Every structure is written in C-alpha cells, then in structure tokens.
Amino acid sequence: MAIAATAKLQEQFDAGLETRADFTIDQPRERYGAVDHAVWDQLYRRQMALLDGRACEAFIEGAQRIGLNVAHVPDFDAVSERLMAATGWRIVAVPGLVPDRIFFEHLANRRFPVTWWMRRPDQLDYLQEPDCFHDLFGHVPLLADPVFADAIHAYGRAALAVEDRALPLLARLYWYTVEFGLMRDADAKPGAAQGVKIYGAGIVSSKGESLYSVESAAPNRLAFDLDRVLRTRYRIDTFQKTYFVIDSFAQLFDALGAGIAARLADPEPLIAVEPHGAGDVLASDTVYTRGTREGWLADGDV
Ligand SMILES: [Fe+2]
C-alpha cells in the first residue's frame, strides 16, 4: 500500500533503474552484493526455524514450493515459474511501495509487486518500509495456496471499484488480514498459541511479532468480522494491540471479494461512524483472548 512512497522510491529512480508505467522494473540482480545474499540467507533460516509450529502449514509448504530456500536473494523469474504452475500468479519487481490503484491493478491480474532491494544487516529486526524480504518471504508463499491466491485476486478486483474516500477502510482490512492476520488452528502447538497460527506477512517477516502475536498475553485475539475490522484503527509503529482471527482462507476469500463489494459499494455509513480504537474490545466481539494491555501506548493508533 502506498503510505509514503517517497524517499526510497526516488532514490531508486535516481539510481537509474528503468521503471515502467506500472511501476515494474527488471529485477536488477547484478546489484545484489554478498551482503544482500547473506542477509536473505540469515533471515530465511531464522524465520523458518521460528515459524515451525507457529505459522500455518500452507505458509511453510508454500515457501519451500516456490523455491525460497536458497542461500541467496531468489531470482524472481524462477519464483514466478513455480508460482505460475501452482496458482497462476507471478511476482514483478518494483522499486518500493507503489500507488494504491496500480497495486490493485497488479493484484487483479494475479501479479504481486515485490520490492527488489534488501535491508541492511543492521535492519534485520525492524524496517519501516517493505523490502524484498518482507514482500517476498512475507507475502508470496501463501500465493501458492489456491484459496488464498484467489482471495488476493478477488481483493484486487474489488478494491479497484472502491472510491478513494473509502481507501482508509480498505487499508484497515488489508492490515488486519494480509499483513497481521491469525488463523484458528486446532493443531497449534500447546502453549505456543491460543489455538491460533500466523498467516499475516507483517508477522511472518518479523522475529519479534512472530513470537508476540501467538504467545504474548498482552494483545487481544478476536474473531474476524468484516464490519468490525473496517471500523478499527491500527498500529504502524508497535506490535498490534489486537489480532483478528479467521477460521479459514475461504472466509478470507468471501471478505476480501464479495464482502468488500457489498460493504463498500456505498461506504458512507462506515465512513460516518467513529472508528474503534486499536485495543478496544466490544460487547459484540467473539473474544479468544482478552489482552492484558501490557506495554500498550495510549495514543498513536492510525
Ligand atoms: Fe506487506
């Protein structure tokens, strides 16, 4: 999502990369150095070890199936070839965040934009803007799952029809599902989770949040409800105060496609009401775990 597609993008443009009208570039593989490859290798191995038993099985399987288990920054064309065979998706290289409409257009055509550059070794644990590791490791493995792949496709198509004034609502939905979603899982490791597993890209690509989201007593874990999420503010600077838990990717498919189309055809009623705070628990919520609120900042919800 285009939150601040400014400095980094410009820096990459200035570096002389030829950027097409749809913001794609050819992955400039010659620009990766030994440090970039080492960072990928280190992050991949660290996160896969951490996610064993914590992330949903489709993610673990997908990462291996599309060939991310290589000791270097993956070749985007090679990943696309495997992904195409699995679900008809491919990845395209971009310099960084792309404008919303262009992003939706890519998704609606089963193309996932992936930032080409890698974070530096001193940024292993936190990075403000998405890099290649977040985009590729975080988002792409689940695109090898047929139902999840169709859900993101449906999201792109539905999002293209949404008016600009409703885009902040759409951002909340994307945030609480694609980026920070949890899923119910009867096989979740006892003690490691409250019967939930991780599927969100912002979680799987973060060491700290991979542990916090499923093991900490601090955050709320609430059953996913489309209207509820469309009305809920979120955090961009700290771990989430609340995680919304889906039952299945089929539920996600319904919400991200037909759900958006139905609820945002006329967004006015949802825009007109005051949004809920990121940490609120409502009487109408199905609560899996009510957070202790430990470590929460009082303000800063967006
Ligand atoms: Fe992301």
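Read the figures in this text as sums done on the coordinates, not as results from a lab. This structure is a prediction, so every number in the text was calculated from the model and none was measured. Neighbour counts are summed over all protein chains in view; Cβ atoms, including those assigned to glycine, are modelled from backbone coordinates with ideal geometry.
What do you get when you divide the Cα radius of gyration of region 154-265 by 2.2 N^0.38 Å, with N the number of residues?
Here the answer is 1.06, to two decimals.
Using the count of nearby Cβ atoms within 10 Å as a rough guide to exposure, how do Lys197, Lys207 rank from fewest to most?
Lys207, Lys197
Quick one: Thr289, Thr177, Thr87, fewest Cβ neighbours within 10 Å first, how do they rank?
Thr289, Thr87, Thr177
Using unit Cβ charges (K, R positive; D, E negative) and no other charged atoms, how large, in debye to the nearest 20, is the dipole of region 22-289 about its Cα centre?
300
How long are the three semi-axes of the equivalent ellipsoid of region 105-208, in whole Å, if each is the root of 5 times an eigenvalue of the C-alpha gyration tensor, listed from largest down?
Equivalent ellipsoid of region 105-208: 23, 20, 14 Å, largest first.
Under 8 Å for C-alpha pairs, at least 6 residues apart: give me the relative contact order for the chain, rounded to a whole percent.
About 18 percent, as a whole number.
What whole number of Å gives the distance from the Cα centroid of region 227-302 to the Cα centroid of region 89-158?
Between the Cα centre of region 89-158 and that of region 227-302, the gap is 22 Å.
Set the Förster distance to 41 Å, then compute FRET efficiency between Leu211 and Asp22 from the Cβ-Cβ distance, nearest 0.05.
Calculated value: 0.65.
Dividing the alpha-carbon radius of gyration of region 22-289 by 2.2 N^0.38 Å (N being the number of residues), what value is obtained?
Dividing the Cα Rg of region 22-289 by 2.2 N^0.38 Å gives 0.96.
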